[in-house]
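Encoded as C-alpha cells, the structure appears first; notes follow it.
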Amino acid sequence: MAKENRTEAPTPRRLEDARKRGQVAKSVEVSNAAVLLATFGILSVVGGQLITELALFMREFLSHALIQGDLSPDRVSRGALDILSAIARMTWPIIAVSVTAGVAVNLAQVGFLFSSEAIMPRLSRINPIAGLSRIFSKRALVELLKSCAKVVVIGAYGYVTLRDVYPTLVATSYMAPSQIGFQAGKLMVQLGLRIAGVLGIIAVMDYFYQRKEFMDNLKMTREEVREELRQTEGDPMLRARIRARQRQIAIYRMMHEVPDADVVVTNPVRLAVALKYDAKTMGAPRIVAKGARLMAERIREAAVEHNVPIVENKPLAQALYKAVEIGAEIPSHLYKAVAELLAYVYHLNRAKGARGTREWGRT
C-alpha cells in the first residue's frame, strides 16, 4: 500500500514485532560522540600521569637494555612484550571508561536487545535493484549530508584550535623532549574535547531524526490497525455481542436481587435504587440494584410485583445512584439518611403487619 496512506501511529504490537526483528530507533552518532567524549575526558584527567609513567618506563627499559648489551631476537621479543604489557597496564582505565560509555549509551537508546534476525542472510540484501534504491534514498542523502557536516565542523574546529595554539607549537622547537610530549598531549586532548562536544550536538539532532524516521517507517494504514485489532481482540461484531450478552446477564442478576430488597428509593421515575440490609451479614446497607429511565421503570415494576416498598426521595436517590456501585455498601456520610429511611419502612411494615403493594409515599 502507498506510503502516503500510512497515517496511523504504530501500535505497541507493531513496535514490539519490530524490536524482535532488531529494528529500533538508534543513532550511531550518539555512541561515537559519547565514546570520544569519555576517552578525551579521562585523558584530560590522567593523561599527564600516563605520559610521565610511560617516559619513565621507556627510560628504564632502554637503559637496562644498553647496560646489558643484549640485543638478541629473544631479548628483543621479551622487551616488546614488556612494552606492550606496560602500555596495557597504563591505558586500561582509558579503555574501560570508553567501553563503559559506549555500552551505557547503547543501553540507554535501545535497552537489552538480542535479535538473530538482524544477522540472518537475506536475498533482498544482495538484490541490485534494492541496493540502488537504498543508495539513492532519502536516508542515504541524509547520511551524506551528515558526513559532510562532520567533515566541515571537525575541519573548522581543528583549524581554529591550531590557529590559537600556533605560537605554542612554534615555541616547542625550543623545549625539551619531555615538554614537547606534554604540550602535544595537551593540544590533542583540547582538540578532542572540542570535536567531541560538537559531535555531541550533531548526535542529539541525529538521534531525534532517526527516531522520527523509525516511527514514520512503522506507521500503519487504518486497515492494518483494524486487522491487528481483530487479531488481538477478536472480531468487533463478536465483541459487541459478547458485551451485550454480559450486560444482559448483569441486568438479570440485578433484577433477581430486587425482590429481596428492603426498599426502593426513586427520583421519582428517572432513577431507582434498591437497598438491602442484613444486620447479621452486612456492616452497612448495600445497593443491590440501580438504574435510570427505562431500567428505573423495570426496577419499580419488579418492586411492585414483589411487594417491595417504593419511597420517593430525590436527594437520596441521586446521591446513592452517583456514589455507590451495585453490590457495594453505602458510604458513611449517607448512613443517617438511609437509617431514617429504613426505620420509616420498618415502622410501616410493623404497622401493616406485612409489606403493601403500593408506593409508600415521600420522605
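With the simple spin-label model, which puts each label point 7 Å out from Cα in the Cβ direction, the Leu56 to Thr7 separation comes to 7.2 nm.
Divide, for the stretch 258-362, the radius of gyration over alpha carbons by 2.2 N^0.38 Å, where N is the residue count. Mind showing how you got there, number by number?
Values: Rg = 12.3 Å, N = 105, 2.2 N^0.38 = 12.9 Å.
For the stretch 258-362, the normalised Cα radius of gyration comes out at 0.95.
Once both labels are positioned 7 Å from their Cα atoms along Cα-to-Cβ, the gap between Arg222 and Arg243 label points is 1.9 nm.
Bear in mind that the values in this text are calculations on the coordinates, not laboratory data. Note that this is a predicted model, so its numbers are computed, not measured. Neighbour counts are summed over all protein chains in view; Cβ atoms, including those assigned to glycine, are modelled from backbone coordinates with ideal geometry.
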